[in-house]
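Since the structure comes first, as structure tokens, the remarks are kept for the end.
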Amino acid sequence: MTGLPRGKVRGARIAALGVYVPERVLTNDELSQFLDTSDEWISTRTGIRERHIARIDQATSDLAVEAAKQALERAAVDAGELDLVIVTTITPDMVFPATASIVAHRLGATRAGAFDLEAGCTGFVYGLAVATGFVAAGIYRNVLVIGSEVLSRSLDWEDRTTSVLFGDGAGAVLVSPTENGSIFSFDLGNDGSGAEYLGMPAGGSRLPASHHTVRDRQHYMKMTGSEVYKFAIRAVADSCEKVLSDAGLTPQDVNLFVPHQANMRIIEAAAKRLGFKPEQVFANLERYGNTSCASIPICLEEAWASGRLQKGDLLLMTGFGAGLTWGSCLTRWDL
Ligand code: COA
């Protein structure tokens with residue numbers, strides 16, 4: 001027994017952050033030119049007004065490499081010093097090999113192990129937990145966690161119930177040891193009974209690619225939005241409450257709450273249940289849509305650049321998504 005509350009570890013910090021977002025912006029008005037939708041519907045139901053879309057020659061590893069390079073440059077850490085590269089994504093370059101293997105090679109991380117971590121849109125928080133474990137246990141010193149997505153390739157652009165919600169982007173953090181110990185408390189959860197509500201049905205061992213799966217458009221994301229919506233509000237609020245109470249803290253102690261950016265109504269409902277004031281909650285999905293595993297680091301970059309997130313602040317990050325999975329991380333911002 002260490003005497004520390006469950007889920008709480010010491011000795012790891014976010015030592016650097018990097019982000020990459022493709023240039024091309026796709027607005028709601030542009031979407032309404034080829035889909036039966038409108039800016040009014042999308043913005044009032046979700047809060048989203050535009051999203052970024054990767055160039056046709058860019059895959060998930062390409063976005064990941066750009067975000068990773070920025071994080072390494074800011075940390076003045078050479079890729080050769082990396083011990084482990086974790087890519088969290090639901091849109092890997094291909095089923096295998098791992099996107100992380102490609103990214104590590106492109107970065108020149110010749111000493112590093114590499115693997116992909118798939119936990120739906122909660123991937124970034126799960127990746128952070130894994131990296132923290134390796135660093136806090138003293139196994140590794142420099143672990144890169146990259147959330148990267150080219151969701152525009154897995155969307156059915158004829159399906160207005162999914163295609164208006166998502167965007168492309170990448171964010172990376174370097175997790176390294178610290179003597180003082182930023183607080184890192186985690187809550188990770190899963191309920192596979194909801195697996196059917198969000199996913200890509202075909203292309204795996206259950207339903208391999210065939211003429212039928214292509215004809216039936218089963219290689220695209222499918223979602224039962226109303227079920228995911230109800231789950232998300234409950235999961236975010238419960239997970240935040242748990243990670244805070246494990247650390248002996250309350251919502252009032254949090255300087256900034258950065259939830260996964262899926263829908264403004266989900267964020268507002270969860271924040272209300274937790275009693276957060278608007279100034280404690282960060283959201284930027286208006287300009288990015290849902291970038292899945294990249295949404296939290298993209299928020300961190302903007303919150304940090306604008307001064308809303310400052311060194312020493314208590315930061316609460318919460319993700320949720322396919323699985324169904326959820327997860328929260330509580331840390332002191334150390335940049
Ligand atoms: N444009 C215009 N109309 C649309 C539309 C669009 N893009 N998408 C759906 N509609 C229509 C529906 O067909 C439905 O029409 P009907 O009443 O004639 O059948 C109507 O709008 C209402 O649809 P509904 O699904 O009830 O809307 P909603 O208020 O539940 O909002 C979501 C739908 C998808 C925005 C909402 O359920 C949601 O955000 N869910 C969570 C999704 C999510 O975050 N997933 C990722 C998790 S990581």
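The values are calculated or read from the model by the stated rules, or taken from the named source; none is laboratory data. Quantities reported herein were computed from a predicted structural model and do not represent experimental measurements. So basically every Cβ, Gly included, is an ideal-geometry build from the backbone, and we count neighbours across all protein chains shown. In case anyone asks, the SASA skips ligands and DNA or RNA and just uses the protein heavy atoms, side chains included. Shrake-Rupley method; radii C 1.70, N 1.55, O 1.52, S 1.80 Å.
Taking every Cα-Cα distance in segment 81-133 and sorting them into 10 Å bins from zero, the calculated P(r) comes out as 28, 53, 19 percent.
Return the subset of Lys277/Lys311; Lys222/Lys311; Lys242/Lys311; Lys69/Lys311; Lys230/Lys277 for which the Cα-Cα distance in this structure is over 30 Å, preserving the input order. Cα-Cα > 30 Å for Lys222/Lys311; rest within. Applying both filters, DSSP loop and at most 15 other Cβ atoms within 10 Å, to the trypsin sites (Lys or Arg not before Pro) of segment 278-334 gives Lys311. Backbone amide hydrogens, once placed in the peptide plane, bring Phe184 within less than 5 Å of Val9, excluding anything fewer than 5 places away on its chain. Most fluctuating residue of Ser205, Ser61, Ser148 in a GNM of the chain with Cα springs under 10 Å: which is it? Fluctuation is largest for Ser205. If you take every DSSP beta bridge whose two residues both sit in segment 222-335, what share of them, in percent to the nearest 5, is antiparallel? The antiparallel proportion sits near 60 percent. Sorting 258-269, 39-50 by average packing, meaning the other beta carbons within 10 Å per residue, from highest down gives 258-269, 39-50.
Counting only protein heavy atoms, what percent of the accessible surface of the chain is carbon or sulfur at a 1.4 Å probe?
Values: 7360 of 14410 Å².
With neighbouring chains kept in place, the figure for the chain is 51 percent.
Let me have the relative contact order for the chain, percent, based on Cα pairs under 8 Å that are six or more residues apart.
On the way: 812 pairs, mean separation 84.9, N = 335.
Once normalised by length, the contact order is 25 percent.
Counting Lys +1, Arg +1, Asp -1, Glu -1, what net charge surrounds Thr46 among other residues with beta carbon under 14 Å of its beta carbon?
On the way: positive: Arg45, Arg49, Arg51, Arg160, Arg265, Arg287; negative: Asp39, Glu40, Glu50, Glu268, Glu286.
Every neighbour counted, the sum reads +1.
Cα centroid separation, segment 264-335 to segment 46-88: 18 Å.
Within the set of other residues whose C-beta is less than 14 Å from the C-beta of Arg273, count the net charge using Lys and Arg as +1 and Asp and Glu as -1.
Working: positive: Lys230, Arg234, Lys242, Arg265, Lys272, Lys277; negative: Asp238, Glu241, Glu268.
Once positives and negatives cancel, what remains is +3.
Excluding ligands, DNA and RNA, the accessible surface per residue across segment 12-181 is 41 Å² with a 1.4 Å probe.
Counting only DSSP beta bridges whose two residues both lie in the chain, roughly 70 percent are antiparallel.
So for each of 79-92, 96-109 I average, over its residues, the number of other beta carbons within 10 Å; can you give me the resulting order with the highest mean first?
79-92, 96-109
Send over a whole-number figure in Å² for the accessible area per residue of segment 221-335, probe 1.4 Å.
Details: 4050 Å² over 115 residues.
That works out to 35 Å² for each residue.
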